[in-house]
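The values are calculated or read from the model by the stated rules, or taken from the named source; none is laboratory data. All of these numbers come straight from a predicted model, not from anything done at the bench. Backbone-built Cβ (ideal geometry, glycine too); neighbour counts: all protein chains shown. For the accessible areas, the whole protein counts, side chains as well, though only heavy atoms, and no ligand, DNA or RNA atoms are used. Shrake-Rupley method; radii C 1.70, N 1.55, O 1.52, S 1.80 Å.
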Amino acid sequence: MITIIYPYRDRDSERVKRSLDSLKEQTNSDFEVLLVDYGSNLSSASIIKDLVSNYKFAKYFYNYSGFQPWSRAKAINIGLKNVSTEYIFTADVDMIFSPNFVSKLHELKNPVKAYYFKVGFLNEKESKENKKFENYLIDFSTEIGAQGLSLFYLKSLKEITGYDEFLHFWGAEDIDVHNRLERNDTESIFYSEEILMLHQWHTSYRKSEKKGLTRDLQLTDILKINQQKLLANTRSKEVRINKLNWGITVLENDFEDLKKHEQKILMLNKKDVVTHFLFCELPDFKNGVLNIHFVKDPFQNSLKYRLKKFLGKNVPKYYSLKEINDLLLLHIISFYHTHPYFYEVSNDLNSIKFKIKK
């Protein structure tokens with residue numbers, strides 16, 4: 001049997017239904033689905049959980065990471081720790097599968113080979129249609145290099161500690177995992193003889209990225225940062241990137257501990273204050289929940305501040321909240337992503353709330 005792992009968060013249910021419906025039409029039923037919900041809001045989670053329950057071959061798993069940035073790598077790794085089949089396929093909720101897709105996976109599966117597949121992309125209008133697989137009109141297709149949708153031998157993935165969990169938001173996790181598998185004697189093969197999957201249209205992450213602070217968690221230049229991590233992993237020639245505690249699930253009791261902890265510390269956006277917190281206070285904290293609210297110093301907008309600055313007198317130096325956002329998120333994904341934590345930008349964009357349980 002093969003497990004198809006869907007990493008998911010807050011996507012519309014219709015595209016998920018089209019994907020699961022295409023699996024219902026498979027000529028080979030020797031598969032199961034694990035949908036890993038990486039912290040959807042309660043409304044989306046309830047809808048998707050109910051949807052998944054309609055498919056006998058599918059299971060739903062919720063991870064309490066709703067106030068954390070998206071990480072496809074971490075979502076898949078959670079899946080790897082919760083399946084027992086010999087082979088897994090890393091899917092996407094945007095995929096519509098050919099009826100012979102699972103049969104082809106069984107034909108190709110090999111403990112020393114990892115396959116990734118040519119994908120046909122649909123335009124926005126075509127994506128909303130419900131058709132037989134062969135009747136969809138393909139806009140364009142992928143070539144070698146797009147490695148996100150892959151068939152793996154589970155034991156091989158576990159040997160290299162799964163996907164690199166530094167990689168958050170978007171990019172590099174698929175190429176990196178294939179690179180490390182190849183260094184561990186697993187051959188990567190691009191299957192391009194036919195198109196077995198169609199990708200439903202959606203707005204790309206690159207187009208949704210904003211320069212300023214937003215409620216949707218974003219980190220400036222994360223695509224470039226992830227690319228540098230990919231290059232560093234390649235230079236190091238390491239195959240095992242994560243520490244022993246990879247694939248960790250955020251449990252409900254940890255989520256509730258964070259949620260109910262209201263004793264907060266206000267932290268001004270002074271550069272020396274923020275730097276001390278990141279490099280001294282945060283690493284040293286332990287045995288509890290730390291709740292920090294970053295806010296602008298009222299003095300920064302005062303006439304006295306502007307006058308002293310104009311006269312060249314000594315005044316505090318400040319980070320913008322966007323700069324704090326980027327510094328803090330980068331610290332979290334670098335050093336603290338295995339801890340239960342909350343990260344939230346206020347509705348008015350005037351504060352950042354960070355809670356962590358250590």
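At q = 0.11, 0.18, 0.22, 0.24 Å⁻¹, what is the log10 ratio I(q)/I(0) for segment 105-203, with the Debye formula run over Cα points and no solvent?
Log-scaled intensity ratios, in q order: -0.39, -0.90, -1.12, -1.21.
Treating only the Cβ of Lys, Arg, Asp and Glu as charged (+1, +1, -1, -1), what charge dipole size does the chain show about its Cα centre? Round to the nearest 20 debye.
Using Cβ point charges on Lys, Arg, Asp and Glu, the chain gives about 1740 debye.
Tell me what the chain gives for mean residue ellipticity at 222 nm when only DSSP H runs of n ≥ 4 count, each as -39,500 (n - 2.57), the sum divided by the residue total, rounded to 500 deg cm²/dmol.
-9000 deg cm²/dmol
Using only C-alpha atoms and all pairs of different ones, pull out the Kirkwood radius for segment 30-147 in Å with one decimal.
Kirkwood radius, segment 30-147: 16.5 Å.
If you average the sequence gap of Cα pairs under 8 Å that are 6 or more apart and divide by the length of the chain, what percent do you get for the contact order?
17 percent
Show me the ranking of peptides 105-118, 276-289 by mean Cβ neighbours inside 10 Å, starting with the highest.
Packing proxy ranking, top to bottom: 105-118, 276-289.
Considering only the chain, what is the antiparallel percent among its DSSP beta bridges, to the nearest 5?
45 percent
On a 1.4 Å probe surface of the protein chains, which of Leu149, Leu268, Leu80 comes out largest in accessible area, and what is the full order?
Result of the area sort, largest leading: Leu268, Leu149, Leu80.
So what is the orientation-averaged projected area of the chain, using the convex hull of its C-alpha atoms, in nm²?
Mean shadow area of the hull around the Cα atoms is 20.3 nm².
So, with a 1.4 angstrom probe, what is the percent of accessible area on the chain that is carbon and sulfur?
Heavy-atom surface of the chain belonging to carbon and sulfur, 1.4 Å probe: 52 percent.
By how many degrees, between 0 and 90 and to the nearest 10, does the Cα long axis of helix 13-24 differ from the longest principal axis of the chain?
30 degrees
Give a residue-ordered list of calculated ³J(HN,Hα) values for segment 345-358 (Karplus: 6.51 cos²θ - 1.76 cosθ + 1.60, θ = phi - 60°; whole Hz; x for Gly, Pro).
These are the phi-based 3J(HN,Hα) values: 9, 5, 4, 8, 6, 9, 7, 10, 9, 10, 10, 9, 10, 10 Hz.
How charged is the neighbourhood of Leu268? Take every other residue with its Cβ under 9 Å from the Cβ of Leu268, and add Lys/Arg as +1 and Asp/Glu as -1.
Every neighbour counted, the sum reads +1.
Karplus couplings for segment 317-330 from phi (6.51 cos²θ - 1.76 cosθ + 1.60, θ = phi - 60°), rounded to Hz, Gly and Pro as x?
Along segment 317-330, the couplings run 9, 10, 8, 6, 5, 5, 5, 5, 3, 5, 5, 5, 4, 5 Hz.
How much accessible area per residue does segment 153-305 have, in Å², with a 1.4 Å probe?
Per-residue accessible area for segment 153-305 comes out at 57 Å².
Once you have the Kirkwood Rh of segment 258-350 from its Cα pairs, apply Stokes-Einstein at 10 °C and 1.306 mPa s and quote D in µm²/s.
The Stokes-Einstein estimate is 107 µm²/s.
Amide H of Asp297 versus every other amide H placed in the peptide plane: which residues, excluding those fewer than 5 positions away on the same chain, fall under 5 Å?
So Asp297 has HN proximity to Asn269.
Using the Karplus curve 6.51 cos²θ - 1.76 cosθ + 1.60 with θ = phi - 60°, work out ³J(HN,Hα) for each residue of segment 233-245 in order, rounded to whole Hz, and write x for Gly and Pro.
4, 5, 5, 6, 6, 6, 10, 9, 9, 7, 7, 4, 8
Can you list the residues, at least 5 places off or on another chain, whose amide H is less than 5 Å from the amide H of Tyr191, using H built in the peptide plane?
Amide H to amide H, under 5 Å and 5 or more residues apart or across chains, Tyr191 pairs with Tyr116, Phe117, Lys118.
Over segment 163-280, one equal point on each Cα, no solvent: what is log10 I(q)/I(0) by the Debye formula at q = 0.12, 0.19 Å⁻¹?
-0.77, -1.31
For Val273, what accessible surface area do you get with a 1.4 Å probe? Give it in Å², rounded to 10.
Taking all protein chains as shown, Val273 has close to 50 Å².
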